[in-house]
Amino acid sequence: MIVQAGLFAPKVAPPPPQDPFYNRVTELDYFTGKFSGEVGFVTVLVGPRNCGKSRLLKELLRQKPVIVIDEANDLMDWKEPDPLQPELKQLLSFLVSISKEDRLAHVILATSDYLLANWLTQVGMTEDKFRVEVLGDLTEEEAEKFMTCMKMAG
C-alpha cells in the first residue's frame, strides 16, 4: 500500500514550530491505527531519502511495543562471521517470531532502498511474513512551505 497525503483526504498540519515533524498527520493517523490493533506482520517502510520516515517512526514509538530498525538497508551488507551459525537468519526469525507468530511487538524495517523487500525474500523471509508500506515524499508545495518555515525558525 502507498501511504501519502496526496492519496487520501489530507489533514493539514500546522506550520512546523521547531519540530521537523511536518505534514505527516494523515500518515501518522494511518500507521497509528495500523499499529494500535493486533500485532501481525513485519512492516517494511520504504520511502525516498529524507522524506520523513525516521521522524514519523519517532512519533509511532509512542504505541505499544514497536521494534524499529532504521536504515534497514544496511542489513543487506551483513557479513556472517561464521557461515555455520547464520546470525542474520536468527535475527530475521526472531523478528518474525515476536511479530507474526507470538504477536508481542510490531516490527518496522525502515529504508530508502526499494530493493530491501526483494532481498528479504532472497535471505529466506517469505512474503507471507512481511508487508511493504511506501511513504511518499512531500509535494513540491509542501516542501517549499516546510523549507520557508525552517528558515524562519532557524
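The values are calculated or read from the model by the stated rules, or taken from the named source; none is laboratory data. Remember, it's a predicted structure, so these values are computed and weren't measured experimentally. Neighbour counts run over all protein chains shown; Cβ positions are idealised from the backbone, glycine included. Only protein heavy atoms, including side chains, enter the accessible area calculation; ligands, DNA and RNA are left aside. Shrake-Rupley method; radii C 1.70, N 1.55, O 1.52, S 1.80 Å.
Remarks
- Placing +1 on each Lys and Arg Cβ and -1 on each Asp and Glu Cβ, with no other charges, gives the stretch 31-154 a dipole about its Cα centre of roughly 420 debye.
- The figure for Phe94 is an accessible area of roughly 110 square angstrom, using a 1.4 Å probe on the protein chains alone.
- Approximate spin-label separation Ser36-Asn50, in nm, with each point projected 7 Å along Cα-to-Cβ: 3.3
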